[in-house]
Amino acid sequence: MSTTVPLAGSLAREASLQRLRETARFDVLVIGGGATGLGVALEAATRGLAVALVERDDFAKGTSSRATKLVHGGVRYLAQGNIHLVREALRERRALLSNAPHLAQPLPFVVPAFGLRGRVWDRLFYGTGLKLYDLLAGSAGLADTEFLDRAGTVDAVPGVCVDELVGSVRYWDGQFDDARTAIALARTAASHGAVVINHCAVRALLHVDGRISGASLADAETGEGIDVHADCVVNATGVWVDELRRLDVHPESHMVSPSQGIHLVVDRDFLPGDHALLVPKTADGRVMFAVPWMGKVLLGTTDTPRDTIESEPTPLIDEVDFILGEARKYLARAPSAGDVRSIWGGVRPLVRPPDAGVGDTKDISREHVIVVDESGMVTVTGGKWTTYRAMAEDVIDRCDRAGLVTPRLPSCTLDLPLVGAPAKATHKISDPPGAHLYGTDAQVLDGLPGSARELGMGLSEAMVRFAVRYEAARTVEDVLARRARILFLDAALADALADEVASIVAEELGHEPGDLARFKALAQRYRTLPA
Ligand SMILES: Cc1cc2nc3c(=O)[nH]c(=O)nc-3n(C[C@H](O)[C@H](O)[C@H](O)COP(=O)(O)OP(=O)(O)OC[C@H]3O[C@@H](n4cnc5c(N)ncnc54)[C@H](O)[C@@H]3O)c2cc1C
């Protein structure tokens, strides 16, 4: 095991476990290390509260590593007339883009128009809607919506299908690296004093006289049990909030309507250039994106109601056919099944209206909901990645109003840079991955062994060491799925790199990571389309 130089917000496991064991009582215990829980931990810590956050698997292992990677106001919510939701998300878009410019940046989107209908009606309809989007953004706007003619469209999106193309509307939104943003949130919360730990699950909730008073944890590595006590317990477990509520006082909890979305990843030459493509109305009335991301292109997504929730959601053949079918209509060179480098899915935690059964989830609100139960447990779910910070601020305000916490400071997260944030980005998120994703921490990489030794797709030996020393990576999967995104970008390459990564992780941990065979099976899954 090697020595580690101190770095703001490094996530040291043994020290975190020790603080969990020794702290008599926290102000806030957050359960769940996705965007929502990490946002709540950071909000609470920066308001002067003593916070612990526990994640049963890895940070962002759930839905928060499986987004379409858009930091967006939600063009489709505009179409639904949900102005409040759009305005809030546009404010949050600005905040994330300026607080983490190494991880979240503006991206131009092109909405193509075809044929006679496109010449007049579609351009007018989408152009007007997107001008309204600019207006709602106000000073948080990124750049003006414009009409492009046919030549301008082909110039911006060289991969677009030109048959009957008449022009397009170009607007701006943001894109980000979701999992690395989650890690940055964890580290930023730790730098403000929070105890933030992964691979440590809540197994049971603790109660005194019917009021929730903490949770029993199990360290996934050693099996050690630790009881943690807190004045306020926040259930931020995404699509799993009902599991936790059932451990509390609601044996029949059904707050969430799970909706699966999958993505297919193909090579960049299917969509060269640095613009994303938005298909505004797919065959079944949704929108679909082709987004340049980290040197590849993401195609997605779907909206499939599910009644079971898996930690590794299973893509369905119909979802694959739908995405490839839509891509065929809009891309000049149509990708086929053999072109897919990685396939993965995530499950949206949509909040179920009181009398809804399992059904069409595309019309369920994407807004978040906060519930304070009779036991005092606070559950937050719904929303989207883009609005994680606003959700977190709402949660702490709600806990304050319920008398569960007394924040000592006002909220400051709207303008709080995340760890590593440089003054200005040096590369685009759509560029192939590399040291630019580490922002100002890139200089620490230079001082680690193996900084000049690239393993593949921008991942160096030093990055693997950095992941273990500072970013709480404990397994091959933690490194190749969420510190580097290679599993999501090219599953065959992730498989090929796994042995090498495992041996560097073993050197850093002082023992084998233990998940090598499991990771290889997972990589196989990410490279295999459903039959
Ligand atoms: C296909 C798809 C595309 C999307 N695209 C976008 C997009 O482009 N932009 C956008 O803004 N939003 C997008 N979203 C929405 C966004 O990803 C989610 O709203 C967000 O990630 C939810 O975060 P969360 O923290 O609530 O849930 P999660 O990320 O699932 O986190 C919950 C965590 O709780 C943990 N947990 C569960 N039980 C326990 C326990 N007992 N003890 C400890 N931990 C536990 C889980 O392991 C998990 O890590 C998309 C969602 C999907 C599915």
Q: Quickly rank 392-400, 100-108, 513-521 as a protection proxy: mean count of other C-beta atoms within 10 Å, highest first.
A: 100-108, 392-400, 513-521
Q: Tabulate in residue order the Karplus-calculated ³J(HN,Hα) for region 21-33, using 6.51 cos²θ - 1.76 cosθ + 1.60 with θ = phi - 60°, rounded to whole Hz; enter x for Gly and Pro.
A: 5, 8, 6, 5, 7, 8, 6, 9, 10, 9, 9, x, x
Q) How many nm is it between the label spots at Asp209 and Asp134, if each spot is 7 Å from the Cα in line with the beta carbon? A) 6.1 nm
Q. Mind checking the angle between helix 83-99 and the chain's longest principal axis? C-alpha axes, 0 to 90 degrees, to the nearest 10.
A. 70 degrees
Q. Distance in nm between label sites at Asp400 and Asp155, each 7 Å beyond Cα in the beta-carbon direction?
A. 5.0 nm
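Given an 8 Å cut-off on Cα distances and at least 6 residues of separation, report the relative contact order of region 435-526 as a percent.
Details: 111 pairs, mean separation 21.6, N = 92.
After rounding, I find 23 percent.
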Q) Which of the peptides 208-221, 304-317 is most tightly packed, and how do the rest follow, going by the mean number of other Cβ atoms within 10 Å of each residue? A) 208-221, 304-317
**Q.** Pairwise Lys count, the chain - Cα closer than 24 Å, eight or more residues apart or different chains
**A.** 27
Q: With θ set to phi - 60°, apply the Karplus curve 6.51 cos²θ - 1.76 cosθ + 1.60 along region 63-77 and write out the HN-Hα couplings as whole Hz, x wherever there is a Gly or Pro.
A: 5, 6, 10, 10, 6, 6, 6, 9, 9, 9, x, x, 4, 6, 6
Q) So how much slack lies between Asp227 and Val120, counting 0.36 nm per residue of separation and subtracting their Cα-Cα distance, in nm? A) 32.1 nm
Q) Quick one: of the DSSP bridges fully inside the chain, what percent are antiparallel, nearest 5? A) 80 percent
Q) For region 435-526, what is one quarter of the convex hull surface built on the Cα atoms, given in nm²? A) 5.1 nm²
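Would you please put 443-451, 482-490 in order of how densely packed they are, using the mean number of other Cβ atoms within 10 angstrom per residue and starting with the highest?
Details: 443-451: 14.3, 482-490: 26.6.
Result, highest mean first: 482-490, 443-451.
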(Q) How large is the translational diffusion coefficient of region 66-190 in µm² per second when you combine the Kirkwood radius over alpha carbon pairs with Stokes-Einstein at 10 °C and 1.306 mPa s? (A) 102 µm²/s
Q) In whole Å, how far is the Cα centre of region 488-523 from that of region 404-424? A) 34 Å
Q. What is the Cα coordinate range of the chain on the first, second and third principal axes, sorted by size from largest, in whole angstrom?
A. 70, 53, 46
Q.
Residue by residue through region 328-335, what is 3J(HN,Hα) from phi via Karplus (6.51 cos²θ - 1.76 cosθ + 1.60, θ = phi - 60°)? Round to whole Hz and write x for glycine and proline.
A. 4, 6, 10, 9, 4, 10, 7, x
Q: Mind checking the full-extension length gain between Arg328 and Asp446? Use 0.36 nm per residue of separation minus the Cα-Cα distance, one decimal, nm.
A: 38.1 nm
**Q.** Amide proton proximity set for Gln260, modelled H, under 5 Å, gap of 5+
**A.** Thr304, Arg306, Arg348
Q. Whose amide H sits under 5 Å from the amide H of Ser430, counting only residues 5 or more places off or on another chain, with H placed in the peptide plane?
A. Met294
Q | Nonlocal amide H pairs with Val166, under 5 Å, H built at 1.01 Å | A | Ala113, Phe114, Gly115
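Relative contact order, percent, of region 55-123 when contacts are C-alpha pairs under 8 Å separated by at least 6 residues? Numbers along the way, then the final one.
On the way: 28 pairs, mean separation 13.4, N = 69.
Computed over region 55-123, the figure is 19 percent.
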Q.
Rounding to the nearest 10 and keeping the result within 0 to 90°, find how far the Cα-based axis of helix 178-191 lies from the longest principal axis of the chain.
A. 30 degrees
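Relative contact order for the chain: what percent, with Cα pairs under 8 Å and sequence separation of 6 or more? Numbers along the way, then the final one.
Numbers: 1185 pairs, mean separation 108.9, N = 531.
Result for the chain is 21 percent.
Read-outs throughout are calculated quantities, based only on the coordinates presented, and are distinct from any laboratory measurement. In this text the structure is predicted, and so the values were computed from the model without any measurement. Ideal geometry is used to build each Cβ from the backbone, glycine not excepted, and the neighbour counts take in all protein chains shown.
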